[in-house]
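Nothing in this text is a laboratory measurement; each read-out follows from the coordinates by a stated rule. Owing to the predicted nature of the structure, the values given are computational and were not obtained by experimental measurement. Cβ: placed from backbone, ideal geometry, glycine included. Neighbour counts: every protein chain shown.
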């Protein structure tokens with residue numbers, strides 16, 4: 001049986017790997033987008049941060065509310081890193097065992113265990129967008145962070 005502490009530790013590790021990608025961001029990257037209609041680097045990074053807030057709110061209140069991902073004027077890479085750190089710590093620090101055991105509604109309103117929101121919203125969703133951010137970094141000529149210390153090219157064959 002997974003405990004609250006196990007789940008929190010897992011989420012913290014996922015978020016730490018996301019922060020490694022945020023560490024590589026520079027101010028000049030923030031407005032870049034891979035194609036028309038795609039998120040800019042700043043929008044994608046803010047989407048990751050906003051989704052953390054939305055999923056935490058969903059677990060705590062049962063009502064997800066997406067705060068948006070519009071970059072404020074004067075946004076910097078340093079500010080994005082600070083937001084990433086702050087939302088990561090806040091997301092898991094407040095969750096209790098009772099929060100995780102509660103039944104909430106999913107986006108369609110169907111009954112849904114809150115702990116699944118943590119795994120789906122705070123882990124799978126974040127990993128998906130971290131991968132996207134790493135692809136953006138590679139396209140910008142910035143070496144993305146390895147996932148677990150090794151790059152796929154370094155794995156034994």
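Structure above, values below:
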read-out: Highest to lowest packing among 1-9, 76-84, scored as the average C-beta count within 10 Å; value: 76-84, 1-9
read-out: Rounded to 10°, Cα long-axis angle of helix 4-23 versus longest principal axis of the chain; value: 20
read-out: Rounded to 10°, Cα long-axis angle of helix 41-61 versus longest principal axis of the chain; value: 10
read-out: Ranked 66, 10, criterion: other C-beta atoms within 10 Å, fewest first; value: 66, 10
read-out: Neighbour-count order for 22, 148, fewest beta carbons within 10 angstrom listed first; value: 148, 22
read-out: Mean ellipticity per residue at 222 nm, deg cm²/dmol - from DSSP H runs of n ≥ 4 across the chain, formula -39500 (n - 2.57); value: -17000 deg cm²/dmol
read-out: Length released on extending from residue 76 to residue 38, taking residue separation times 0.36 nm less the Cα-Cα span; value: 11.7 nm
read-out: For the chain: relative contact order, % (alpha-carbon pairs under 8 angstrom, 6 or more apart); value: 30
read-out: Between 0 and 90°, nearest 10: helix 77-93 axis offset from the chain longest Cα axis; value: 20
read-out: Computed lengthening from residue 10 to residue 110, 0.36 nm per intervening residue step minus Cα-Cα distance; value: 33.4 nm
